[in-house]
């Protein structure tokens, strides 16, 4: 009987730990089968000396990419939260240090559409879901693309394109990426009885 009770407690603790574990920003990567024809992750191509580099904010060797502090995440947070440089009276290293507070992960991905549109995804996973409020409030500004908030993750998805070459394929790619990310659900919090 004692062994059964101990086993039950261990299983309950493991389940509670899983329910409380944070959702990684990697869930934002759209599976290939959910993308329309001609829409794909931009490939990382080796440069003239053979080094594979992909450039968004910083030169990366992968697409998508994930960063964690102390690696710089400030520029991604600025974009996600629609912050202006110097808005808080800080610049340079002081601003970067401030913007890293409360950030668990930063994420970036780029998709290419058949019309050469680039669909950019930038996201932050905060250490506390309450920190998404700045990004969530952007939807009140009619001139700004609303952010997608999923639990402790806030994502900014937008399209950049040469509008002279734009066609429906770029809009379809953008819609597929936004719809997929928007369909994601935050992990269920642990039931109150399982919290210690």
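The values are calculated or read from the model by the stated rules, or taken from the named source; none is laboratory data. Nothing here was measured: the structure is a model prediction, and the numbers come from that model. Note: ideal-geometry Cβ built from the backbone for every residue, glycine included; neighbour counts use all protein chains shown.
Among residues of the stretch 54-81 being surrounded by fewer than 13 Cβ atoms within 10 Å (Cβ to Cβ) and at pLDDT below 75, the one that is farthest from residue 112 (Cα to Cα) is 70.
So, residue 80, is that one part of a helix (DSSP H, G or I), closer than 28 Å to residue 171 by Cβ and touching a helix residue (DSSP H, G or I) at 6+ places or on another chain (Cβ under 8 Å) or not? It is true that residue 80 is part of a helix (DSSP H, G or I), closer than 28 Å to residue 171 by Cβ and touching a helix residue (DSSP H, G or I) at 6+ places or on another chain (Cβ under 8 Å). Contact map, the stretch 96-120: residues that are on the phi > 0 side of the Ramachandran plot paired with residues that are in a loop (DSSP other than H, G, I, E, B) and crowded, with 17+ Cβ neighbours inside 10 Å, Cβ distance under 8 Å, separation 6+ or inter-chain. Pairs shown: 116/161. Among the listed residues 113, 104, 136, 155, which satisfies the condition of being surrounded by 22 or more Cβ atoms within 10 Å (Cβ to Cβ) and in contact with a strand residue (DSSP E or B) (Cβ under 6 Å, 6 or more places away or on another chain)? Residue meeting the stated conditions: 155.
Per the listing 137, 99, the residue uniquely modelled with pLDDT under 95, farther than 26 Å from residue 35 by Cβ and in contact with a helix residue (DSSP H, G or I) (Cβ under 7 Å, 6 or more places away or on another chain) is 99. Number of residues in the stretch 141-157 that are without any contact (Cβ under 8 Å) to a residue 12 or more places away in the chain and part of a strand (DSSP E or B): the value is 0. Out of the stretch 39-53, which residues are modelled with pLDDT of 70 or more, more than 18 Å from residue 157 (Cβ to Cβ) and not in a strand (DSSP E or B)? 43, 44, 47, 49, listed by residue number. Here residue 130 fulfils each of the conditions (1) modelled with pLDDT of 95 or more; (2) more than 24 Å from residue 64 (Cα to Cα) apart from (1). Within the stretch 122-140, restricting attention to residues that are in contact (Cβ under 8 Å) with a residue 40 or more places away in the chain and not in a helix (DSSP H, G or I), the residue that is farthest from residue 41 (Cα to Cα) is 125.
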